[in-house]
Structures are given as structure tokens and as C-alpha cells.
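The next block holds one structure in the form of C-alpha cells; read it before the comments.
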Amino acid sequence: MPVRMKDIAADLGISVVTISKVLRDHPDIGEETRQRVLQRVKELHYRPNVTARSLVTGRSYLIGLVVPDLLHPFFAEVAKSLARVIRTRGYSLIIASSEEDPELEEQEIEHMVARGPDGLVIAASTLSSAILQRLDEQQQAYVLIDRKFTGLSANFVGTDDIAVGDLATTHLINRGCKRIAHIRGRENSTGAKRLEGYKRALERGGLNFSDKYVILRETVDIESRLQGNFAMQRLLAMHPKPDGVFCYNDPMAIGAMEAILAAGLRIPKDIAIIGCGNLHYSDLLRVPLSSIDQQSALIGARAGKLMLSIVESKATPQPKSVLLEPHLVERASTARTSRQTAKE
């Protein structure tokens, strides 16, 4: 027979309520009692009956996460951090991938809702807010991450994407680049705002904006390296070629670097390149990649804390937006000086 809460209570000579409070990390339990309970729980391999707990609390203790790609390092980091935060309160994370397909994304969200999660965390691939409006009508709690929708009042955690584009492009300008290209993302908030930041930096730096140096990719989170490689090949065929490239994300930048090196050109001497995401392996590449750090782990943690505050609130709180500041991480792919460039 599985160990029950009342078995532990009888064994320790304390009440079931006390056991329950310890397991919920309630603050009014003394440390000595807390440690006695936790030690006995560990010894007996006790596992709470989730079904019984759900019947009592009205919660499933499930949080759903829907992202464009489970293999993308950015979303993997977000998921890891999110799971760590909600786990402390007894919640489990269930994850689905939309494969950057709006129809599949809608299906995955509907499948998750059918399982009765307490909340959803969504990095939306769709350009329409229709599915999110339905979630509002169903009173399903959700938090958007990374991408937001104009005109939709929703909880959101992400990075200042205008600052991302501005910071990356300004860095290339400061390194002496005069013809700066942008391999951009889709027509969603992140793609549009990073483009806006790119344009803003060019204008402030006295450089002309040219449409020909902006390459749009409709998929950016799946097959990212391949997309970056194809886009860079188009840029290399131009006359004159760009001498600096800001890529929407790091995997696309890695693909772009592969195309540059395959063409016999040097990074950063011929073409400097910068990405976004600050992947853990960016400094291990053949040419370590400069990148804009979006604080992916912090995005996951803040989304988790926001979600917990929503699902554990007795009243529906007003939507909250959390915007994190990006940071430049300079590595070899942009490590040249404007003086060196001027001499060439």
C-alpha cells in the first residue's frame, strides 16, 4: 500500500494538517518539526496524491509551456528556469512544440487546455491574437514570453527588442562597419522591433538604411542555421558586400558565419557578425560569436513567478508586463577596431 499523509502523521505523533503545511512550505511551522517531517517523507518515499489534492484545491498543479522549437537553446533555457521556479510550489511543467506552425500551435494550446492546466506560458508563433482572445473568454490564465501582441492586454515577460537591435547595430558601427546588413525575423513583435532598433542605430550613426541589406526569413526558430546560411549567401552575392551583419538570433548567426568562411572570407576582418541569445556554446565556435544576451534564464524565472502569482491569487490580477534590458557580450566575431578598418 502506498504511504499516506495520515500514516506519517501517526508515525510522528502530529496532525495531518501539520504534515500538509510542511509539504506546502507554510511559514507557521517550526524548523525542528519541518525537518522531522521532511526526513520521514524522504525515508518512506512519500508522494502526494495529486488527484486528491486537485479535488480539494481545485487546481491541477500543471503549468503548460508552448514554444516554437524544443531544440532551440533559448527556449530550452527558458523552460529549465521556468520549471525550477514552479517546482518549488509543487507544480509540474508540460511542454509542447508548435514547430513555428500557427495551426499546430493552436492545436497544442487546445490540447493543453483540455488537460486543465492552472496556467499556460506561450511563446507565440502566430501573428493573430485570436487563440489568445479565446483563452481570455475561457478565463484560462496565461503569460506570453518573448513575443507580444499590439492591442492585447496580456501578461508578458520578454526583452526590450528595440534595444536589442540598437545595441547590436551600434556595436558594429563602433567597430568600423559601414555597410551593415540585418538577417531579420518574422513579422511579429520581436522581428519588427529588432528591425526598428537596427534602423534607429543606423540613423544615429549617420549611415543610410537600404532595403537590399535586410533579408527576411519566415522561419527563424526551426532550421535556424540553414536559414542563416541561405540568407548570408544572398548577402555575399551583393555588390558591395556588407562588412557587418546583425542576425536575429545566434543559430542564424552561426549559419551565416559558415557561409562567410565557406566563401573564403575572414571574420571579423572582412565581415563582422553579431547574433542574439548568447548561447552557452557561442564562445566555443571556430570564431567565438558576439551576441546580445536576452537574459533567457531570467525570462523563464520571471514568467514562473508571474504565473504563480496569477494562479494563486484569489482575484484576477491586472495584466503585468515585464521588460528586461539586453546586454552586449563581445567576442572574436566583432573584435576589430575602427582604426584597423579605416586603414583597409
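A short reminder: the numbers here are calculations on the coordinates, not readings from a lab. Given the structure is predicted, the values throughout are model-derived calculations rather than measurements. So basically every Cβ, Gly included, is an ideal-geometry build from the backbone, and we count neighbours across all protein chains shown.
Which FRET efficiency value, to the nearest 0.05, is calculated for ASN174 and GLU137 with the Förster distance at 45 angstrom and r the Cβ-Cβ distance? Could you put the intermediate results ahead of the total?
Numbers: r = 49 Å, r/R0 = 1.08.
Once the sixth-power term is evaluated, E becomes 0.40.
Relative protection proxy for 219-232, 282-295, from highest mean packing down: 219-232, 282-295 (other beta-carbon atoms within 10 angstrom). Remark: the ALA297-ILE94 segment gains 71.3 nm on full extension, using 0.36 nm per residue and subtracting the alpha carbon distance. Counted residue by residue at 0.36 nm each, then reduced by the alpha carbon distance between them, the extension gain from LYS80 to GLN39 reaches 12.1 nm. At an R0 of 22 angstrom, the distance between the Cβ atoms of LEU328 and LEU284 translates into a FRET efficiency of 0.70. Here's how it looks for TYR142: its modeled amide H is under 5 Å from those of LEU120, which are all 5 or more places away or on a different chain.
Remark: for residue pairs LYS178/LYS269; LYS212/LYS241; LYS21/LYS42; LYS148/LYS314, the C-alpha separation exceeds 18 Å in LYS148/LYS314. If both residues of a DSSP beta bridge must be in the chain, then about 10% of such bridges are antiparallel. Spatially, region 140-172 and region 194-219 are offset by 18 Å when compared through their Cα centroids.
Listed options for Cα Rg over 2.2 N^0.38 Å are (i) 1.44; (ii) 1.20; (iii) 0.93. The value calculated from this structure is the one marked (ii).
Could you tell me the relative contact order of region 157-278? Use alpha-carbon pairs under 8 Å, at least six residues apart, and round to a whole percent. Please report the intermediate quantities before stating the final value.
Working: 221 pairs, mean separation 34.9, N = 122.
Once divided by the residue count of region 157-278, the mean separation gives 29 percent.
Between VAL3 and GLN233, the contour length at 0.36 nm per residue exceeds the alpha carbon distance by 76.5 nm. Phi angles across region 108-119 convert, under the Karplus curve 6.51 cos²θ - 1.76 cosθ + 1.60 with θ = phi - 60°, into 3J(HN,Hα) values of 5, 5, 5, 5, 5, 4, 5, 7, x, x, 6, x Hz, Gly and Pro given as x.
Only counting other Cβ atoms within 10 Å, I'd like TYR248, TYR91, TYR213 sorted with the fewest neighbours first.
TYR213, TYR91, TYR248
Extending 7 Å from the Cα toward the beta-carbon at both LEU127 and LEU104 defines two label points whose distance is 1.9 nm.
Rounded to the nearest 0.05, the FRET efficiency derived from the C-beta distance between LYS320 and HIS111 at R0 = 22 Å is 0.25.
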